[in-house]
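Okay, so here's the structure we're looking at.
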Amino acid sequence: MSYLLDSVVLIDHFNGVAAATRFIERRARELAVSAITRAEVLAGFAEADVPLGTALLDSFRFLPMDAEVADEAARIRRSTRLKLPNAIQAAFATRHGLKLATRNTRDFPPGKFPFVIVPYRLA
């Protein structure tokens, strides 16, 4: 099984959350990042630290935005009212047959979205 990393998992990793780091290390060969994840993660870095972020992001399979993902995101947005960035993540996951690894259960309740996994929880 392959996973799409949501931004929050990578942000947790960079903020020293051990559970996020363990998930990434254990699944490294199975992980992909979307264009939106890459942008969201890198936006949080100071300019001088961007190479640190890109080094890790470049180690994962990168999923570029295409018309199929955009159209699916629009459909998901219309039917679920997810915010557009979240609808785009959902579209990437569904179009590529991936599980979305996130701890954002407020926007992605696993019972509502069967493609969502919560790899860890914060105490």
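Please treat every number below as a calculation from the coordinates, not as lab data. Just so you know, these numbers come straight off a predicted model, no measurement behind them. Don't worry about glycine lacking a Cβ; one is built from the backbone with ideal geometry, like all the others, and counts go over all protein chains shown.
Among 104, 89, 115, whose Cα sits farthest toward the positive end of the charge dipole of region 57-123 (+1 at Cβ of Lys/Arg, -1 at Cβ of Asp/Glu, about the Cα centre)?
After comparing all options, I get 104.
Show me the three semi-axes of the equivalent ellipsoid for region 52-123, from the C-alpha gyration tensor (sqrt of 5 times each eigenvalue), largest first, rounded to whole Å. Walk me through the numbers before you get to the answer.
Working: eigenvalues 80, 69, 21 Å².
Semi-axes, largest first: 20, 19, 10 Å.
Under the rule of -39500 (n - 2.57) per DSSP H run of 4 or more residues, summed and divided by the residues of the chain, what mean residue ellipticity at 222 nm is obtained, to the nearest 500 deg cm²/dmol? Intermediate results must be reported in sequence, preceding the final value.
Numbers: 6 runs with 62 residues, N = 123.
So the helix-based figure for the chain works out to -15000 deg cm²/dmol.
Just subtract the alpha-carbon distance of residue 50 and residue 81 from 0.36 nm times their residue separation and send over the number in nm, one decimal. Mind showing how you got there, number by number?
Numbers: separation 31, 0.36 × 31 = 11.16 nm, distance 3.23 nm.
Between residue 50 and residue 81, full extension yields 7.9 nm more.
Please order 3, 120 by the number of other Cβ within 10 Å, starting at the fewest. Kindly include the intermediate steps, with their values, before the conclusion.
Details: 3 22, 120 16.
In order of increasing Cβ crowding within 10 Å: 120, 3.
Using each residue's phi in region 93-107, evaluate 6.51 cos²θ - 1.76 cosθ + 1.60 at θ = phi - 60° and report the 3J(HN,Hα) Karplus result to the nearest Hz, with x for Gly and Pro.
The phi angles translate into 4, 5, 5, 9, x, 10, 8, 7, 8, 8, 10, 7, 7, 5, 8 Hz.
Just rank 30, 68, fewest to most, by other beta-carbon atoms within 10 angstrom.
Starting with the residue having the fewest Cβ neighbours, the order is 68, 30.
Any idea what % of Cα-Cα pairs in the chain are farther than 24 Å?
Tail fraction, whole percent: 22.
For a quick check: sort 45, 92 by the number of other beta carbons within 10 angstrom, fewest at the front. Working shown, then result.
Values: 45 14, 92 26.
The most exposed by this proxy come first: 45, 92.
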